[in-house]
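Here's the structure we're looking at; comments come further down.
The values are calculated or read from the model by the stated rules, or taken from the named source; none is laboratory data. What you are looking at is a predicted structure, and each value in this text was computed from that prediction instead of being measured. Cβ: placed from backbone, ideal geometry, glycine included. Neighbour counts: every protein chain shown. These accessible areas exclude ligands, DNA and RNA; they are computed on the full protein's heavy atoms, side chains included. Shrake-Rupley method; radii C 1.70, N 1.55, O 1.52, S 1.80 Å.
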Amino acid sequence: SKFELPEGENLNVIATFDGEALVGTSYQHPLYDRKSEVVAGGDYITTESGTGLVHTAPGHGQEDYLTGLKYGLELLSPVDDVGKFTTEAGSSTVVGDDFVGMSVLGEGNIAVIEALEKAGALIRAEDYGHKYPYDWRTKKPTIFRATAQWFASVEEFRDAALDAVETVKWIPDVGKNRIKSFVESRGDWCISRQRSWGVPIPVFYDKETGGTKTLLDEHTLDHIQSIIAEQGCDAWWKLDEVDLLPEMYKDQADKWTKGTDTMDVWFDSGSSWAGVVQERAEKEMGLSFPADVY
């Protein structure tokens, strides 16, 4: 038996019913003082593997995130940038704040199992081989997290972009169909990346609210644009907030912290050429707009 029952003992079937009968009911979390709702997942849950009754973590996976949106589930992501439990993983009724600071792929994983045993909520634990994505650079397991990002709405310029596609000679011709289907189906474009290099997204975050409130307006953009035109993009990383903020905000420099997100290289390369060519065409510096070749 999977449960390694003592000799002579058997499990008794109390009731048999379809899984959908559980949808809408709730259960008590074994480690925290909260209740969660039982929901119906998507096609990613199959009858070929596992139990069919699985946990859903809207803050840690694309499919779970969509399920969370469908049912209005809380978006919880208690893991920091280095893969350790945050204070959101604390306040357990069983182990208190013991999880905080533990690696979710290392000692944190073991600590959770031990906490479940202590709570009397673990029936059995065993190693289970299954497919899991690894980072191709570091060869380490990937951790999925729901994080705040910046998006550009394609809706505002979709029609203009599709019209422009028709005016371009594509080499090879198949490139036209590829970019056309891309523009037609694209919704919001995530333009932010977490990289240690690249073109910065010039946003300031309020320290007191933990970044919930942001500062980004025509005044800050004009000031930063003038700095970058003179010193290059590295100025964003080298200068302090008081230097990056325009005169009208300098007295608030201690209130704001500059963001560290960089621009998606595809969004950057797809738009930066226009700034280079158009400005030089208008100033009659030998370039024409639009470009002849890209």
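Looking at the chain, the accessible area is 73 square angstrom per residue; that uses a 1.4 Å probe and ignores ligands, DNA and RNA.
The phi-based Karplus calculation (6.51 cos²θ - 1.76 cosθ + 1.60; θ = phi - 60°) puts the 3J(HN,Hα) values of the stretch 162-173 at 5, 5, 5, 4, 6, 8, 9, 8, 9, 10, x, 4 Hz, whole numbers, x for Gly and Pro. Based on the Kirkwood approach, the hydrodynamic radius assigned to the stretch 220-280 is 13.0 Å, with every pair of different Cα atoms included. Expressed in Å, the radius of gyration and Dmax of the Cα atoms of the stretch 248-294 are 17.0, 47. Each Lys or Arg adds one and each Asp or Glu subtracts one; over the other residues with Cβ under 12 Å from the Cβ of G83, this totals -1. Compactness of the stretch 88-131 was expressed as the Cα radius of gyration divided by 2.2 N^0.38 Å, which yields 1.23. With the largest listed first and rounded to whole Å, the semi-axes of the equivalent ellipsoid of the stretch 152-205 from the Cα gyration tensor are 28, 15, 10. The HN-Hα couplings worked out from phi for the stretch 216-223 by the Karplus form 6.51 cos²θ - 1.76 cosθ + 1.60 (θ = phi - 60°) are 7, 9, 5, 5, 5, 5, 4, 5 Hz, whole numbers, x standing for Gly and Pro.
Accessible surface of R145, taken over heavy atoms with a 1.4 Å probe and every protein chain present, rounds to 80 Å². With the convex hull drawn over the C-alpha atoms of the chain, the volume per residue is 221 Å³. The average projected area of the stretch 187-294, computed from the convex hull of its Cα atoms over all directions, is 8.6 nm².
When the C-alpha to C-alpha distance is required to be over 32 Å, the pairs from K169/K238; K35/K213; K84/K180; K70/K180 that qualify are K169/K238; K84/K180. Summarised as an ellipsoid, the stretch 27-174 has semi-axes of 39, 18, 18 Å, derived from the eigenvalues of the Cα gyration tensor scaled by 5 and square-rooted, with the largest first.
Computed with a 1.4 Å probe over protein heavy atoms only, the accessible area of I191 comes to about 20 Å².
Near the amide H of T93, within less than 5 Å, lie the amide hydrogens of Y32, D33, all on another chain or at least 5 residues away, with H placed in the peptide plane.
Each 5 Å bin from 0 upward holds the following percent of the Cα-Cα pairs of the stretch 92-197: 2, 8, 11, 12, 11, 11, 10, 9, 7, 6, 6, 5, 2, 0. Largest mean-square fluctuation among W197, W170, W150, in a Gaussian network model of the chain whose springs join Cα atoms under 10 Å apart, belongs to W170. For the pair the stretch 120-153 / the stretch 210-274, the C-alpha centres are spaced 33 Å from each other. Listed values for the stretch 225-236 are Karplus-derived 3J(HN,Hα) couplings in whole Hz (6.51 cos²θ - 1.76 cosθ + 1.60, θ = phi - 60°), namely 4, 5, 5, 5, 4, 8, 10, x, 5, 4, 4, 4, and x replaces Gly and Pro. I201 contributes an accessible area of around 20 Å² to the protein surface, as traced by a 1.4 Å probe with all chains present. Considering only Q149, W256, V277, and ranking their Cα positions along the charge dipole of the chain that arises from unit charges at the beta-carbon of Lys, Arg, Asp and Glu, the one farthest toward the positive end is V277.
Computed over neighbours whose Cβ is under 13 Å from that of R145, the net charge equals -3, Lys and Arg +1, Asp and Glu -1.
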